[in-house]
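Following: one structure in structure tokens, then a few remarks.
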Amino acid sequence: MSRLVLAGVDLVAVVLLVFALYFPRHRRRDLVVAYLGVNVGVFAVASSLSSSTVGAGLGLGLFGVLSIIRLRSTELDQHEVAYYFSALALGILGPLSGTSVLTVGALTALILAVMFVGDHPRLLRRYRRHVIVLDSAVTDSVALTAHLEQLLGARVHNVNVERVDLVNDTTVVDVRYSRPRVTATGGRRPVDAGAAR
């Protein structure tokens, strides 16, 4: 009976993870089936391993290898990797935990709560990251930061120069910045280029 309850807890959790958290926020349909398939597959195999003579360590090792292969097969953003491992954790949690249904339910709720808060659109919403191609070759880091702040209308916190092409006169940068705060009157506070970073 407890095995059926654990299966029900897992199914409810992965449905909430995928359809209540991930898809409404990111709208990437191809990962919906990936998260669902990984979760249910991991749960099924982990359930079989937990009741057989094969050690749980071997099963977890196989899942680790499979997850590495999966993550290397296509480019995923960091938040998508977090959802991927959450789906894996939810699938493994019930069958291999060896604890009560109540404990599994609490740990499942913890995973969902962390993903809800950590990926919430309002959390650190002013902060952005972009890879930008500039139509000029800039080698001076101070001038590059000032140019990016003027271009973005934002405070630049970190600039990582990925490539400077002196022949084609381009610069590729990975820039982390924060958008200005909106004041009470609806305007924006000016960007202080000389502010401490």
Expressed in angstrom and rounded, the centroid-to-centroid distance over alpha carbons for the stretch 15-34 and the stretch 150-179 is 32
Applying a 10 Å radius around every beta-carbon, put 81-88, 172-179 in order of their mean neighbour count, most first. 81-88, 172-179
In bins 10 Å wide, starting from 0, what share of all Cα pairs of the stretch 100-144 does each bin hold, as a percent? 20, 24, 18, 17, 12, 8, 1
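The numbers here are math on the coordinates, done by the rules we state, and not lab data. Predicted model, so just to flag it, every value in this text is computed and none were measured. All Cβ positions, glycine included, derive from the backbone under ideal geometry; neighbour counts span all protein chains shown.
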